[in-house]
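S.K.: Below is one structure. I have some questions about it.
Each value in this text was obtained by applying a stated rule to the coordinates, not by laboratory testing. Because the structure is a prediction, the values reported are computed rather than measured. Methodologically, a virtual Cβ is constructed for each residue, glycine included, from the backbone with ideal geometry; neighbour enumeration extends over all protein chains shown.
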Amino acid sequence: MKTRHFAKILKSFRLRVGGLKAEGAPAVILAWAGVVLAVGVVRAIDRNAPVLPEAFREAKGLLEAIRADRGSVPLTPYRET
């Protein structure tokens, strides 16, 4: 592949995700970063699959505890008056 064609392809690459817009080399880098991140997430889930039900139960318990404390007085630093 000639470098002319590669440069043309690189310049035409565009990425738009929500409010993020990128063109050219930054768009290519962000796309590859997204692929690498997705692979990492899949590997982490695959390796930790046996303990995920327990982790979800603990997270559910934590959320329930946080919701129960909404009516309580928030913690504030001690101040002398």
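S.K.: Going by average Cβ density within 10 Å per residue, which order do the peptides 15-27, 42-54 take, highest to lowest?
M.R.: Sorting 15-27, 42-54 by mean packing, highest first, produces 15-27, 42-54.
S.K.: Okay, moving on. Tally Lys/Arg at +1 and Asp/Glu at -1 over every other residue whose Cβ is under 12 Å from the Cβ of Leu30; what's the total?
M.R.: Values: positive: Arg14, Arg16, Lys21; negative: Glu23.
Once positives and negatives cancel, what remains is +2.
S.K.: Would you please give the residues with an amide H less than 5 Å from that of Phe13, counting only those at least 5 places away or on a separate chain, with H modeled from the backbone geometry?
M.R.: Here the answer is Gly24, since their amide H atoms fall under 5 Å of that of Phe13.
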